Amino acid sequence: MNFIAFHQEIITFQKVFFQLPSGSRRFDKKFMRIVHCTLLILFTFSFAKASANTYTGSTPAGVVVRTFLGISLKDSIDFIRWLITLDNSSYMLDCNYGISKPNTNGFIDGGKKIKLSGNVRKKEYYYLLQNGNKVLKIASINNNLLHFLDANNNLAIGNSGWSYTLNDTYPVPDTAINFNLTRSAFKDSMTLEGRSPCGVPGIIPEGMLCYKLKWYIVLYTDGASNASGTYKVYGTPWRKQGGMTGHWKLITTKSGHVTFRLNKDDGSALLNLLQMDNNIFVFTDAANRLLVGNQDFSYTLNRFF
């Protein structure tokens, strides 16, 4: 049984149980059959979960995703919110899209909705979703993160509001990264921008109310090797101070990936950003585990120049 079929079994069970008269919900033979069915479904789910995962996130509405979903390129859209369930052979997705409603995480008039399901082909660490003659390509960064590809099969670049990363709804600790991507040097500086949830380690004090963090980071290099340099960080945590400055250095992980470590004046780490390719960077914790976002934001920053 794949995850899609399991989902339908759950719906059927809920309908049967809640339509029973309250007096029938006692420990009689009928109820025992329902309990038996429930345990059987949960047992099945324990195996289905191994090959099926559900991911969520909000992305820009670029040409590649609009074309796949059948959304007109003329429609005014701020972002698309995704919920995708994938196994090795099928997918089911729900999308909500439209114009942002100010001071909320939703859409004006609720936005518009799309439901799709179909076949999936998996090639190494890539999922290819079929919708008629259209194909949407998604890279599996690790067990917890997916990232849409652009028309040139590169990791798609987002904007200052959203990235093209999706997040597992039930993430597990994972230090693995499925790609060994090469990086190219930058000449003088590079700028990273985006928004993230508030779980970047050490930034927001525990118990402080926080919905999102805005980021604008400029990295200046000390030389052609790009091994170290200085930084300026602007954004939510340092708005009153007008930003924060300091030094950064490159850290190569045991797996060979490159992390930009931004240090405080005392030499301790302020931020860790793992470079996925020339334009995509993801926040990590001190153990180099990629952070997993939510339905509104990921922990991905985009390079613009």
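Throughout, read-outs are computed from the coordinates displayed, never taken from laboratory work. Values in this document were obtained by computation on a predicted structure and should not be read as measured data. Here Cβ is always computed from backbone atoms with ideal geometry, including for glycine, and neighbour counts include all displayed protein chains.
Structure summary
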| item | result |
| --- | --- |
| Members of 122/214; 112/134; 187/232; 115/137; 74/134 lying beyond 24 Å, as alpha-carbon distances in this model show | 122/214 |
| Distance in nm between pseudo-label sites at residue 135 and residue 120 (7 Å out along the Cβ direction from Cα) | 1.7 |
| Segment residue 88-residue 287, length gained on full extension (0.36 nm per residue, minus Cα span) | 68.7 nm |
| Estimated D of the stretch 177-295 in µm² per second, where Rh is the Kirkwood radius over Cα pairs and Stokes-Einstein applies at 25 °C, 0.890 mPa s | 164 |
| Global size of the stretch 62-118 as Cα Rg and Dmax, reported in angstrom | 12.3, 39 |
| Computed lengthening from residue 151 to residue 179, 0.36 nm per intervening residue step minus Cα-Cα distance | 8.2 nm |
| Sequence of 193, 206, 124 once ranked by neighbouring C-beta atoms within 10 Å, starting from the fewest | 206, 124, 193 |
| Relative contact order [Cα under 8 Å, 6+ residues apart], the stretch 164-264, whole percent | 19 |
| Net charge of Cβ neighbours under 12 Å - reference residue 284; Lys, Arg +1; Asp, Glu -1 | 0 |
| For residue 106, net neighbour charge (Lys/Arg +1, Asp/Glu -1) across residues whose Cβ lies under 13 Å away | +1 |
| Shape category assigned to the stretch 166-219 from the gyration tensor of Cα positions, a/c cut at 1.5 | oblate |
| Rel. contact order, % - alpha carbon contacts under 8 angstrom, at least six apart, the stretch 151-217 | 31 |
